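Everything below concerns the one structure shown next.
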Amino acid sequence: MSTATVTMSPYTTSAPFAASASVAAGSSSAPRATTRLRLTRRGRAVLTSLAAIPLVVGALVFALNGGGAVATNDQANVTFHYVTVESGQSLWSIAESVAPSADPREVIADIVSLNQLDSAVVSPGQRIAIPSQYER
């Protein structure tokens, strides 16, 4: 913080507090340190292009590597063990009987996922596929 000293000359006829603006404000003759960056239209175009290049390269890499799946004529021979739900049975009891050493919640989640069930509610007479890792 700079301090300005105002001295009054006895020979002036002006008002007693009339001092120059630079002395009263305490400013120095050094230039201001803040400079504002101004971009031209060409500069904005260059910056936009530099920001867009990684996005374009990423899209091209994704497009070129996206076709990695190959269709074949081979058929997978997967067979499932099925259980028919009886009256009074729930998925919990089926999970406990199919995999007694496993956590029933995980078995139920696998059964729901394999059979594409909306919920864990089953009806009597419904045929449920059991995941192969839980077959006896």
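The values are calculated or read from the model by the stated rules, or taken from the named source; none is laboratory data. A quick note: this is a predicted structure, and the numbers were derived from the prediction, not measured. Using ideal geometry, Cβ is built from the backbone for each residue, glycine included, and neighbour counts are taken over all protein chains shown.
General observations
- Every listed requirement among (1) out of contact with any strand residue (DSSP E or B) (no Cβ under 8 Å at 6 or more places or on another chain); (2) assigned to a loop (DSSP other than H, G, I, E, B) is met by Val122 save one, (1).
- Residues of the stretch 37-60 include at least one that is assigned to a loop (DSSP other than H, G, I, E, B), at pLDDT 85 or above and polar (S, T, N, Q).
A quick yes/no check of all residues on (1) over 42 Å from the mean Cα position of the chain (by Cα); (2) over 30 Å from Ala99 (Cα atoms); (3) assigned to a helix (DSSP H, G or I); (4) at pLDDT below 65:
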position: Thr5; (1), (2), (3), (4): yes, yes, no, yes
position: Ser14; (1), (2), (3), (4): yes, yes, no, yes
position: Val23; (1), (2), (3), (4): yes, yes, yes, yes
position: Ser27; (1), (2), (3), (4): yes, yes, no, yes
position: Leu64; (1), (2), (3), (4): no, yes, yes, no
position: Ala71; (1), (2), (3), (4): no, yes, no, no
position: Tyr82; (1), (2), (3), (4): no, no, no, no
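- Filtered by the rule that a residue be charged (D, E, K, R) and farther than 30 Å from Ser132 by Cβ, the stretch 37-77 gives Arg38, Arg41, Arg42, Arg44.
- Which listed residue is modelled with pLDDT under 85 and either surrounded by 10 or more Cβ atoms within 10 Å (Cβ to Cβ) or of a type in the set (A, V, I, L, M, F, W, C) (or both), from Ala109, Ala76, Ala95, Ala102: Ala76
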